[in-house]
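Below is one structure, written out as structure tokens; the observations come after it.
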Amino acid sequence: MNLSEFDFDLPETLIAQHPVEPRDASRLMVVKRDGGVIEHHTFRELVSFLKTGDVLVLNNTRVIPARLIGEKEGTEAKIEVLLLRRLELDVWEALVKPGKRLKVGQKVSFGQGILTGVLQDILENGNRRIHFSYSGLFETILDQLGQMPLPPYITAQLEDQERYQTVYAKERGSVAAPTAGLHFTPELLGELQKMGVQLVEILLHVGLGTFRPVKVDDIREHAMHSEYYRVDVEAAERINQAKQEGRRVIAVGTTAARTLESAVDQGQVVPGDGWTDIFIYPGYSFKVVDALLTNFHFPKSTLVMLVSALAGRELILQAYEVAVRERYRFYSFGDAMLIL
């Protein structure tokens, strides 16, 4: 399967720079696999497409202020460190910019020495292993010194940092938001619950692997970066019961979809935690996910491949062509798509 099969033209003007207000005022494209129907709605109309007994699966991860700007010890050279994942208590895998300026054993100071980091190693994937030293709680210092790691295609300033968090974000650990969930308001979630939709929370800490470009022509040769996930006992039981009773399991975002498909064994979602590098592309048979709520993604990305696996590549590319023509907003702060 060739990478070029997932390409499409996307005008840069359609990349959303700001979130809409209120959250549920964004547009919603509804793609119905049965018949290939494409409809246009607003996100708050989601209630029209869900029904009593549906299980809506939410990823309750919370984005950490993972972007740190410091200075190489003994110089005024600026170094940017983007935390990716914790390897040990005070050791993190990170991206360093510009990486060539920092050698193994060299130190970076953040906040005039409140936090320091020493480059321990360069990993096989090109990321860096950094050991941090500080006094107090790392999370408190990170809140003080760190910045929200907005994607590079968002060049505008974000005034309210909470707009890059879902309203149900709880457990810190992601370096990117599960953006399909950004459209929900507490009021909309309450309305869905009143009509009998079950809300189930799972966890996947979003890393950069999901968003890294595919650099091989044969997509089957692409290797995903692993990400931490967890499904608790109650969540697994509610999802398994819904599947047994023929009720729909609807994943909010590709991260929730990847978590569910990683946690399944012999048709059952198994509670527990671990690391997943699952790569879903056309030909994959979904075992848990019946429908998907997602945003509009990059051309030739693993996310376009995932939604193509669910809805079919031709229908997805048709939907994206319509989205460009109708000037839908793309990426993190963009509009949403519901695949039924």
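Values quoted throughout were computed directly from the atomic coordinates according to the rules given, and no laboratory measurement underlies them. No experiment lies behind these values; they were computed from the predicted model shown. Backbone-built Cβ (ideal geometry, glycine too); neighbour counts: all protein chains shown.
What number in nm² do you get for the chain if you take the convex hull of its Cα atoms and divide its surface by four?
Averaging across all directions leaves 17.6 nm² for the Cα convex hull.
Pull up the cross-link candidates among the lysines for residue 100, meaning alpha carbon to alpha carbon under 21 Å and not fewer than 8 places away within one chain.
72, 78
Relative contact order, percent, of the chain when contacts are C-alpha pairs under 8 Å separated by at least 6 residues?
25
Local charge sum around residue 24 (other residues, Cβ-Cβ under 15 Å, Lys/Arg +1, Asp/Glu -1)?
Residues near residue 24 contribute 0 overall.
Hey, can you rank 186-194, 249-257 by average C-beta count inside 10 Å, highest first?
Averaged packing, sorted descending, gives the order 249-257, 186-194.
Helix-derived [θ] at 222 nm for the chain: sum -39500 (n - 2.57) over DSSP H runs of at least 4, divide by residue count, nearest 500?
One gets -5500 deg cm²/dmol as the mean residue ellipticity at 222 nm.
If Lys and Arg each add +1 and Asp and Glu each add -1, what is the summed charge of the other residues whose beta carbon sits under 10 Å from the beta carbon of residue 315?
+2
Return the aspartates and glutamates within reach of residue 107: Cα separation strictly under 13 angstrom, same-chain partners fewer than 8 residues apart disregarded; answer none if there are no such residues.
Answer for residue 107, where 13 Å is the Cα cut-off: 71, 73, 76, 80, 121, listed by chain and number.
Tally Lys/Arg at +1 and Asp/Glu at -1 over every other residue whose Cβ is under 13 Å from the Cβ of residue 262; what's the total?
Around residue 262, the charge tally is -2.
Cα-Cα over 29 Å: which of 170/287; 97/300; 243/300; 32/170?
Beyond 29 Å between Cα atoms: 243/300; 32/170.
For the chain, give the share of DSSP beta bridges that are antiparallel, in percent and rounded to the nearest 5; count only bridges with both residues there.
If I count the DSSP bridges inside the chain, around 70 percent turn out antiparallel.
Return one quarter of the surface area of the convex hull spanned by the alpha-carbon atoms of the range 67-145, equal to its mean projected area, in nm².
Spelled out: convex hull of the Cα atoms, projected over all directions, averaged, 4.7 nm².
Determine which lysines satisfy two conditions relative to residue 194: a Cα distance under 20 Å, and not lying fewer than 8 residues away in the same chain.
Leaving aside lysines fewer than 8 places away in the same chain, those within reach of residue 194 are 51.
Sort 260, 50 so the one with the fewest other Cβ atoms within 10 Å of its own Cβ comes first.
The order, fewest Cβ neighbours first, is 50, 260.
Would you work out the relative contact order for the range 41-108, in percent, from Cα pairs under 8 angstrom that are 6 or more residues apart?
Here the relative contact order equals 23 percent.
Give, rounded to the nearest 20 debye, the magnitude of the charge dipole that the chain has about its Cα centre when Lys and Arg contribute +1 at Cβ and Asp and Glu contribute -1 at Cβ.
Charge dipole of the chain: 380 debye, to the nearest 20.
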